[in-house]
Each structure stands twice: as C-alpha cells, then as structure tokens.
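Working notes, beginning with the structure itself.
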Amino acid sequence: MARTLKVAAAQLGPVHLNSKREETLARMITLLQQAAEFGAQLVLFPECALTTFFPRHLIKTQEELDTVKKNEVIAKYRKVHLPGTKEPFENPDAVNQLEKRYFEIGNLGFKAFRVPDIIPGVLKKGDESKAERNGLGDPIMGMLICNDRRWPEGWRCYGLQGAEVVLCGYNTAGFAPDLWGTQKPMTPQQAEDDAVFHHKLVMQSNSYMNSCFSISAAKAGLEDGKYDLIGGSCITSPEGHVIAEAKGKDDEIVFAEIDLNECRQGMEKTFDFARHRRTEAYGLIVERAGVVEPELL
Ligand code: CDT
C-alpha cells in the first residue's frame with residue numbers, strides 16, 4: 001500500500017520589525033491557501049514566522065518579547081542548539097544572533113510523533129499482529145529548528161524512532177562574518193552561496209543517513225532594511241536528493257507528493273540500524289561535548 005502525502009514548505013519573504021502582525025498573518029494564510037490548491041496535507045512555516053528574526057536585535061523590555069500564543073497541538077519541539085552569543089558583538093556593524101540571550105535550551109529532546117488521519121488505511125494500535133515490518137502506521141515525523149539541522153545527533157535520535165519526515169524552519173543569515181567566521185574572506189554573494197550550499201548539504205546528507213524525507217522552510221530576503229536571509233527552502237528524499245526547492249527569496253510554496261514507502265530502502269538495507277549500528281563504539285558522542293585532542297607526540 002502506497003503511503004503518499006502531499007507536503008509543502010511555505011517559504012516567507014522578509015518580515016520586518018515594524019511589520020504589522022495582521023499583514024504577516026494574511027501572507028501566511030495566502031500561502032496556506034496556495035498550498036491547499038496544490039492539495040497539500042502538511043505545510044511547514046519558517047522559524048520566527050510571525051516576526052522579524054528578532055535575536056539579531058537587542059530588545060530591552062519583556063513586553064516586546066511576549067508575543068506568541070499557542071493553540072491545540074499534537075507535538076511540540078523546542079530548539080536545542082542555540083547559536084550566537086548572549087552579548088552583542090563588539091563590532092558595531094556586526095549582525096548579531098542573540099539566541100543565547102533570549103532563549104532557554106530546548107528541554108523536550110527529539111521526540112518523534114505520529115500524525116493521525118492524513119493517510120487512510122494505515123495500521124493502528126491493536127493491529128500489530130498484522131505488521132510484518134515497520135513503516136505501516138500513521139506517518140512518523142520529527143521537528144528541528146534552524147541551527148539544529150547542522151547537528152547529526154538530533155537527526156539520528158529521530159532516525160532511531162523511525163521518523164519518515166523531518167521538518168525544519170529556519171532563518172539563516174546570508175552574510176554575517178562575525179557569526180560564521182572570517183578565515184576565508186568572502187564577498188556577500190559568495191558567503192550567501194556558501195550558506196545555501198551548507199543548508200542543502202545538511203538537509204540532503206542527514207535525510208540520506210536517516211532514510212527520511214525532510215522539509216525545510218526559510219524566512220528569506222532582506223529584513224529590517226539591511227539583514228539578508230538565505231532562501232533555499234527545499235524537500236529532500238530519503239536517498240538524499242532535492243525533489244523540490246524554492247526559486248526565489250519571497251513568499252513561495254515548495255510542493256511535493258511523497259511516498260513514505262521510499263524510506264524503506266535505506267531503513268532496511270544500508271541504514272538498517274538494528275543490524276549495522278555499533279553502539280559500543282559511540283560512547284564519546286554522549287560523554288563529551290567539546291574537542292579533546294590526542295596527546296602531542
Ligand atoms: N536561526 C538560526 O539558528 N540560525 C543559525 C545560525 C548559525 S550561526 C553559526 C543557522 O544555523 O542558520
């Protein structure tokens with residue numbers, strides 16, 4: 001039985017500090033309607049979809065920070081890998097990324113979840129006796145937020161729960177030398193091309209190594225008149241291919257029809273974790289955070 005899903009990334013163009021919430025919501029609703037016209041059953045929005053990417057600004061009052069309200073949800077995720085700094089860079093022209101100032105480290109781990117009622121005829125609780133293999137139930141998904149996508153540990157936690165689709169919204173600066181490093185000086189265009197390359201690299205490679213689809217949605221373009229964010233929203237397959245991607249850096253739907261059964265090839269062959277993983281060799285991954293080099297010779 002095919003387990004097909006119609007999925008979309010709703011890339012958003014810039015949202016500014018002074019953008020009106022109603023206008024941003026109207027854009028998001030328009031994108032939802034466009035995705036619905038494609039028949040999308042799942043639509044992913046970017047990180048900080050409702051506001052500008054505010055961690056680049058030093059905001060001094062709590063009132064300005066308290067904005068987002070929650071609705072009824074089937075799963076929650078909190079960003080684990082917070083990039084940037086707590087204090088602004090000394091360079092007054094630097095693009096700041098004050099996530100360590102505004103956010104707590106996510107404390108929900110990487111918990112995969114099933115999404116009910118979007119694929120008919122799947123196995124349900126109590127039908128286990130009919131299941132001769134995994135991958136027959138409601139779709140299994142996991143979430144990441146932006147910088148989390150660069151860390152294979154989270155992906156692997158989802159892989160170990162059989163995740164078939166990993167969702168990731170992001171706001172990634174195109175040119176921010178104080179943040180990314182300046183060892184190899186680059187023009188703004190070279191830096192942006194590299195940032196898009198690294199974005200796709202991690203989405204494709206981690207999809208492949210965990211035999212899952214991934215959907216990523218950018219907030220893109222020039223925010224607040226001067227801060228450039230990359231585009232590159234895309235959908236990748238379990239074999240690591242980009243199967244749909246954004247053409248520009250404004251509001252745009254990236255759509256694909258995917259068959260979750262395509263995850264089975266990797267899950268049952270090259271990356272059959274139960275047969276091939278060697279946990280006895282991986283201790284350092286959870287014992288150590290930072291690098292400790294071997295002794296000098
Ligand atoms: N929003 C966010 O997490 N941005 C990060 C910046 C990384 S800085 C080294 C990102 O991964 O795109």
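The values are calculated or read from the model by the stated rules, or taken from the named source; none is laboratory data. Worth saying up front: this structure is predicted, and the values here are computed from it rather than measured. Here Cβ is always computed from backbone atoms with ideal geometry, including for glycine, and neighbour counts include all displayed protein chains.
All of GLY135, GLY142, GLY169 fail the test of being among the small types (Gly, Ala, Ser), touching a strand residue (DSSP E or B) at 6+ places or on another chain (Cβ under 8 Å) and more than 16 Å from the ligand (Cβ to nearest atom), apart from GLY142.
With respect to (1) more than 13 Å from the ligand (Cβ to nearest atom); (2) assigned to a loop (DSSP other than H, G, I, E, B); (3) surrounded by fewer than 14 Cβ atoms within 10 Å (Cβ to Cβ); (4) free of Cβ contacts under 8 Å to residues at least 40 places away in the same chain, the lone exception for LEU58 is condition (4).
The sole residue among LEU50, LEU42 that is surrounded by 14 or more Cβ atoms within 10 Å (Cβ to Cβ), away from the ligand (no atom under 16 Å from the Cβ) and under 19 Å from the mean Cα position of the chain (by Cα) is LEU42. Close contacts from region 152-170, counting a first residue that is closer than 18 Å to GLN265 by Cβ and a second that is part of a strand (DSSP E or B) and of a type in the set (A, V, I, L, M, F, W, C), with Cβ to Cβ under 6 Å and a gap of 6+ residues or different chains, come to TYR158/VAL166; GLY162/ILE140; ALA163/ILE140; GLU164/ILE140; VAL165/MET141; VAL165/PHE213.
For region 172-183, a residue qualifies if it is assigned to a loop (DSSP other than H, G, I, E, B), surrounded by fewer than 19 Cβ atoms within 10 Å (Cβ to Cβ) and within 10 Å of the ligand (Cβ to nearest atom), and exactly one does: GLY181. Only one of these is at pLDDT 95 or above, surrounded by fewer than 20 Cβ atoms within 10 Å (Cβ to Cβ) and either among the acidic types (Asp, Glu) or farther than 21 Å from PHE38 by Cα (or both): GLY283, GLY266, GLY248. Name it. Criteria check complete, one pass: GLY283.
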